[in-house]
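Below: the structure, in structure tokens.
The values are calculated or read from the model by the stated rules, or taken from the named source; none is laboratory data. All figures in this text were calculated on a predicted structure; none of them were measured in a lab. Here the Cβ positions follow ideal geometry from the backbone for every residue, glycine too, while neighbour counts run over all protein chains shown.
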Amino acid sequence: MSGNLYESLAGGFPSDRSRPCFQLSDGRVVSYGELEDGVSHVAGRLRARGVQPGDRVALKAEKSVEAVMIYLGVLKAGAVFLPLNVAYTRSETDYFLSDAEPAIVITDAEGFLAEAREASRLDACVSRSGDDLASIIYTSGTTGRSKGAMLHHGALAANARTLTRLWAFTPDDTLLHALPIFHVHGLFVALHCVFLSGASMIWLPKFNDDEVLAGLSRSSVMMGVPTFYTRLLASPRFTREAASSVRLFISGSAPLLSSTFLEFEQRTGQRILERYGMSEAVIITSNPLEGDRTPGSVGYALPGVEVRIAQGAETGEIEIRGESVFRGYWRMPEKTAEEFTSDGFFRTGDVGRIDPDGRVWISGRAKDLIISGGYNVYPKEVEGVLDELDGISESAVIGVPHPDFGEGVVAVCTGSGDEARLIAECRRQLAAYKAPKRIIFLEDLPRNAMGKVQKSLLRQRYADLFV
Ligand code: AMP
């Protein structure tokens with residue numbers, strides 16, 4: 001066996017290949033045998049089109065079973081998978097394509113697969129070492145040019161094996177999959193756990209209350225972004241009974257509010273397992289399967305991953321090292337060098353602290369740190385206070401240019417309330433320099449597809465508030 005990730009994943013497929021892999025909402029089932037067959041045809045077709053090991057293959061298509069076959073077929077052919085969000089504009093897509101220079105760009109997954117089925121199969125997996133590139137994931141990059149994180153076969157396989165074991169996946173599991181597959185969460189975390197354990201999936205094109213509620217009754221694990229859980233909680237049909245067949249709810253990609261965690265526990269009797277990850281390292285920390293899942297903490301470093309705070313400070317930038325951490329950004333050697341310390345730790349850009357017992361707490365992104373009048377303000381601390389105040393459902397705290405203070409603290413919130421009263425309330429609980437100078441109410445906070453609040457948009461929108 002070579003180090004090709006596809007070989008590792010296929011090693012977990014059930015020996016009875018007629019077992020279901022995908023269960024679709026229209027009742028159709030795609031077995032592991034059918035998956036494997038599709039993958040071999042894709043790999044054969046890529047080979048026939050002249051794709052060589054190491055060549056990039058871009059896929060910009062809606063979520064589908066065929067898209068997954070293309071992902072795995074690219075690996076099997078030894079090529080490098082480059083998923084692109086269908087929401088990317090023409091000019092964004094042009095940038096990714098000119099940067100990654102793929103040999104082929106696939107925009108119609110069904111069409112490509114139909115074509116591939118006419119062609120000969122590639123049955124033997126192309127040999128790859130763990131050090132060969134498997135995928136490039138462009139980071140959402142809210143500042144500057146988006147960077148292509150290079151993920152190698154060995155790194156992805158190591159992370160997948162750890163998670164499958166840590167979260168105790170078995171062939172009897174059914175995962176509810178409603179995440180997009182252009183991002184590491186839905187693509188690597190979810191799919192790899194299922195494949196390595198030979199489990200099955202309820203396969204939904206996207207999050208839809210009715211379909212998710214129906215699917216949950218047949219699922220044992222759900223992976224979601226925090227907004228999936230707040231949307232479930234907003235439905236009176238989401239009851240303890242509706243969640244009762246699920247053994248594990250996992251959340252990540254954005255911070256899970258403690259209030260969501262607690263409300264979820266009250267409603268269902270279950271505690272959501274929060275974990276922390278990023279495109280550059282897939283999963284970094286996880287709350288335990290057995291043992292205490294603490295609201296607000298992202299849990300412990302995974303086995304094989306070292307997590308520390310820069311310069312040994314109590315609170316500061318989180319740095320990570322380990323076999324599942326990426327090796328660098330595609331064609332950006334200087335940027336890569338800047339982002340790694342001399343002893344090989346990757347600077348994540350996230351700020352946090354580590355408990356004496358090893359639990360990691362994230363307080364925000366380094367670039368979201370506000371410096372007001374020379375003092376550091378961690379948005380998460382202010383958001384924690386705001387979220388507890390009457391009338392406020394959720395908050396995003398940002399810094400915008402201020403003539404006196406350099407940056408002024410602004411809270412953008414959902415809910416309603418009297419601004420002066422709420423600010424006074426914050427000043428009772430926080431040092432004056434941390435309290436927001438303005439509180440603005442919006443219907444909803446702007447979020448990207450992974451549920452992350454887009455603070456950069458808010459900073460742009462309110463840039464002139466004080467000037
Ligand atoms: P991405 O590369 O798009 O997956 O984004 C990674 C970023 O998402 C991380 O650097 C964190 O800032 C954030 N993130 C992921 N999981 C969590 C979590 N559980 N809590 C807080 N932030 C998270």
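Condition check for Asp94 on (1) buried (at least 22 other Cβ atoms within 10 Å of the Cβ); (2) part of a helix (DSSP H, G or I): one failure, at (1). The set of residues in segment 426-444 that are more than 12 Å from Gly408 (Cβ to Cβ) and in a helix (DSSP H, G or I) comprises Cys426, Arg427, Arg428, Gln429, Ala432.
Checking each residue in segment 403-422 for being surrounded by fewer than 18 Cβ atoms within 10 Å (Cβ to Cβ) and not in a loop (DSSP other than H, G, I, E, B) picks out Gly406, Thr414, Gly415, Glu419, Ala420, Arg421.
Is segment 373-383 home to any residue that is surrounded by fewer than 16 Cβ atoms within 10 Å (Cβ to Cβ), touching an Asp or Glu at 6+ places or on another chain (Cβ under 8 Å), in contact (Cβ under 8 Å) with a residue 12 or more places away in the chain and not in a strand (DSSP E or B)? Among the residues of segment 373-383, at least one is surrounded by fewer than 16 Cβ atoms within 10 Å (Cβ to Cβ), touching an Asp or Glu at 6+ places or on another chain (Cβ under 8 Å), in contact (Cβ under 8 Å) with a residue 12 or more places away in the chain and not in a strand (DSSP E or B), which makes the answer yes.
Restricting attention to segment 200-227, and to residues there that are within 16 Å of the ligand (Cβ to nearest atom) and in contact (Cβ under 8 Å) with a residue 60 or more places away in the chain, which single residue is nearest to Pro20 (Cα to Cα)? Write out each step before concluding.
Residues of segment 200-227 that are within 16 Å of the ligand (Cβ to nearest atom), as a first pass: 222-227.
When the remaining residues are screened for being in contact (Cβ under 8 Å) with a residue 60 or more places away in the chain, the result is 225-227.
Details: Val225: 25, Pro226: 28, Thr227: 28 Å.
Looking at the filtered set, the residue picked out is Val225.
Within segment 193-231, being surrounded by fewer than 22 Cβ atoms within 10 Å (Cβ to Cβ) and within 20 Å of Lys452 (Cβ to Cβ) holds for Lys206, Phe207, Thr227, Phe228, Thr230, Arg231.
When Ser395, Ser456 are checked against the criterion of being of a type in the set (Ser, Thr, Tyr) and at pLDDT 95 or above, Ser395 stands alone in meeting it. Only one entry of Val39, Val30, Val65, Val57 meets the criterion of being closer than 15 Å to Leu191 by Cα and either of a type in the set (Ser, Thr, Tyr) or crowded, with 22+ Cβ neighbours inside 10 Å (or both), and that entry is Val39. Restricting attention to segment 182-199, the residues that are within 16 Å of the ligand (Cβ to nearest atom) and of a type in the set (Gly, Ala, Ser) total 2. Would you check if there is a residue in segment 113-124 being out of contact with any helix residue (DSSP H, G or I) (no Cβ under 7 Å at 6 or more places or on another chain), within 19 Å of Ile181 (Cβ to Cβ), hydrophobic (A, V, I, L, M, F, W, C) and surrounded by fewer than 22 Cβ atoms within 10 Å (Cβ to Cβ)? So far as segment 113-124 goes, no, none of its residues is out of contact with any helix residue (DSSP H, G or I) (no Cβ under 7 Å at 6 or more places or on another chain), within 19 Å of Ile181 (Cβ to Cβ), hydrophobic (A, V, I, L, M, F, W, C) and surrounded by fewer than 22 Cβ atoms within 10 Å (Cβ to Cβ). In segment 1-78, counting only strands (runs of 3 or more DSSP E) that sit wholly within it, the ones holding 1 or more residues that are within 30 Å of Ser98 (Cα to Cα) span 56-59. Just to be sure before I move on: is Glu274 acidic (Asp, Glu), surrounded by fewer than 21 Cβ atoms within 10 Å (Cβ to Cβ) and not in a loop (DSSP other than H, G, I, E, B) in the structure I sent? The answer is no for Glu274.
Across segment 352-370, which residue is nearest to the ligand (Cβ to nearest atom) among those that are among the hydrophobic types (A, V, I, L, M, F, W, C) and surrounded by fewer than 21 Cβ atoms within 10 Å (Cβ to Cβ)? Even if it seems obvious, please write down each step before you answer.
Taking segment 352-370 first, the residues among the hydrophobic types (A, V, I, L, M, F, W, C) are 354, 360-362, 366, 369-370.
From what is left, the residues that are surrounded by fewer than 21 Cβ atoms within 10 Å (Cβ to Cβ) are 354, 361-362, 366, 369.
On the way: Ile354: 14, Trp361: 9, Ile362: 5, Ala366: 10, Leu369: 13 Å.
Restricting to residues being among the hydrophobic types (A, V, I, L, M, F, W, C) and surrounded by fewer than 21 Cβ atoms within 10 Å (Cβ to Cβ), the top hit is Ile362.
Within the option set Ala149, Ala124, Ala116, Ala168, being part of a strand (DSSP E or B), of a type outside the set (Phe, Trp, Tyr) and at pLDDT 95 or above holds for one residue only, Ala149. If you go through segment 438-452 and keep only what is buried (at least 19 other Cβ atoms within 10 Å of the Cβ) and more than 16 Å from the ligand (Cβ to nearest atom), you end up with just Ile439.
When the residues of segment 325-351 are filtered to those that are at positive phi and not basic (Lys, Arg), which remaining residue is farthest from the ligand (Cβ to nearest atom)? Break it down stepwise before answering.
Kept after step one, since they are at positive phi, are these residues of segment 325-351: 328, 331, 344, 349.
Filter again for not basic (Lys, Arg), leaving 328, 344, 349.
Values: Gly328: 15, Gly344: 19, Gly349: 6 Å.
Taking the candidates together, the pick is Gly344.
As a summary of the residue check, Ile398 satisfies the conditions (1) within 16 Å of the ligand (Cβ to nearest atom); (2) of a type outside the set (D, E, K, R); (3) part of a helix (DSSP H, G or I) except for the one numbered (3).
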